[in-house]
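The values are calculated or read from the model by the stated rules, or taken from the named source; none is laboratory data. On a predicted model such as this, the values are computed, not experimentally measured, just so you know. No Cβ is skipped: glycine too gets one built from the backbone with ideal geometry, and neighbour counts run over all protein chains shown.
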Ligand SMILES: Nc1nc2c(ncn2[C@@H]2O[C@H](COP(=O)(O)OP(=O)(O)OP(=O)(O)O)[C@@H](O)[C@H]2O)c(=O)[nH]1
């Protein structure tokens, strides 16, 4: 049974603005004067740092990374999602001394190690950075991406991963027993599958102060829509910003990633003059992000529940003719009864709700699903607004 519209009164009234924890590791960038959360991307030469940044945030195809040039100096990349990020892509020879900024400025340090690199050098460099980062800011998230994982067979992959983990822990312990308590997070990643997206999503979760509120909204949406799983995705990077309380299984996550990729790739094919005509556009477009989608205003109700959309996306909203996004779309995953439908609803210009729904609910109770989406959207937009206000100036 699908319930009525959820009430977000508690979340809104006492929520993000009232109880927000202080922002950690945020500093105002001199360029756009908003507090960007800084992420340090480190690792030896050819480890895959630039590939990671480009695949996630610049829509570069995994095979295209082959042609990336060596990074010679630190490059700062801005990316706007639910929080504004500043990612520092460092050259392979960067050391604690040459980084040119206090480590306390960074909210997260990601160190990339090639999974086949079991030698001393990357581990020594990693340990050096961990010690310096821990001393500068014990609350900094320390993440290790054991990268290019797809290159090895399953057994070797696990074994190398374990060895890298063990060697880092041993080296830290050799320096001082104090470092036993350092919280290190290891992830197996590759640009050739969605492991990179899943790992980076987990990194992002630690940086989003409003995560509990977003999760609450997703839990309410799932409960009221009989959805077994729902994600709030960043549409461009395909990182999930939050999910409901049920466990994330990689197969579902991959499916959502693939679906988003398909919508992103085929977007231009669905360019529709009628969509333009239906929705008034602002006289001056809002400031754009590095997202490939435009920052158009999101209507409070994006699709007409009476129009079936199963299997095909709704016409996209376009802004200035070349950038566009879909207000909603859906696809049937298991055509046989009872069946599951994967739905997509744009929530803000950067964020989309992807939810699994029983097909019978999706087809029989569309009005209520759409109604729940409207309430979810209002909650998320309010949270985003609070995030934005807290960082402005
Ligand atoms: N097999 C595989 N190759 C990868 C992966 N990620 C990156 N590469 C390759 O690794 C090589 C180096 O990638 P880069 O992104 O330039 O590495 P980097 O760490 O930025 O290197 P520097 O700029 O020299 O510091 C390229 O040929 C990429 O195609 C991966 O997940 N799997």
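General remarks:
- Residue 146 meets the stated requirement of being part of a strand (DSSP E or B), under 25 Å from the mean Cα position of the chain (by Cα), buried (at least 18 other Cβ atoms within 10 Å of the Cβ) and at negative phi.
- Of all residues in the stretch 153-174, those being touching a strand residue (DSSP E or B) at 6+ places or on another chain (Cβ under 9 Å), free of Cβ contacts under 8 Å to residues at least 24 places away in the same chain and over 19 Å from residue 110 (Cβ atoms) number 1.
- Taken as a whole, the structure places residue 53 among residues that are within 16 Å of the ligand (Cβ to nearest atom) and either surrounded by 21 or more Cβ atoms within 10 Å (Cβ to Cβ) or not in a helix (DSSP H, G or I) (or both).
- Set side by side, the residues 387, 363, 370 differ, and just one is modelled with pLDDT under 90, over 22 Å from the mean Cα position of the chain (by Cα) and in a helix (DSSP H, G or I), which is 363.
- Single unsatisfied condition, residue 264 versus (1) surrounded by fewer than 18 Cβ atoms within 10 Å (Cβ to Cβ); (2) modelled with pLDDT of 90 or more; (3) farther than 29 Å from residue 121 by Cα: (2)
- Condition check for residue 165: under 25 Å from residue 197 (Cα atoms) and either more than 16 Å from the ligand (Cβ to nearest atom) or not assigned by TED's automatic domain parsing to the domain that holds residue 199 (or both): yes
- Residue list for the stretch 138-152, restricted to those being more than 12 Å from residue 186 (Cβ to Cβ), within 16 Å of the ligand (Cβ to nearest atom) and touching a strand residue (DSSP E or B) at 6+ places or on another chain (Cβ under 6 Å): 148
- Only listed residue being surrounded by fewer than 12 Cβ atoms within 10 Å (Cβ to Cβ) and either at pLDDT 90 or above or not assigned by TED's automatic domain parsing to the domain that holds residue 117 (or both), chosen from 47, 10: 10
- Check on residue 85, closer than 30 Å to residue 382 by Cα, in a helix (DSSP H, G or I) and either more than 13 Å from the ligand (Cβ to nearest atom) or in contact with a helix residue (DSSP H, G or I) (Cβ under 9 Å, 6 or more places away or on another chain) (or both): no
- Residue list for the stretch 59-80, filter: free of Cβ contacts under 8 Å to residues at least 12 places away in the same chain and more than 10 Å from the ligand (Cβ to nearest atom): 61
- Of the residues making up the stretch 96-119, those that are modelled with pLDDT of 90 or more, more than 10 Å from the ligand (Cβ to nearest atom), touching a helix residue (DSSP H, G or I) at 6+ places or on another chain (Cβ under 8 Å) and part of a loop (DSSP other than H, G, I, E, B) are 102, 106.
Each row is one residue, and each column tells you yes or no for (1) exposed (fewer than 14 other Cβ atoms within 10 Å of the Cβ); (2) more than 28 Å from residue 352 (Cβ to Cβ).
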site	(1), (2)
86	no, no
93	yes, yes
111	no, yes
114	no, yes
120	yes, yes
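- Identification of strands (runs of 3 or more DSSP E) wholly contained in the stretch 182-244 with 3 or more residues that are in contact with a helix residue (DSSP H, G or I) (Cβ under 6 Å, 6 or more places away or on another chain) and within 16 Å of the ligand (Cβ to nearest atom) yields 184-188.
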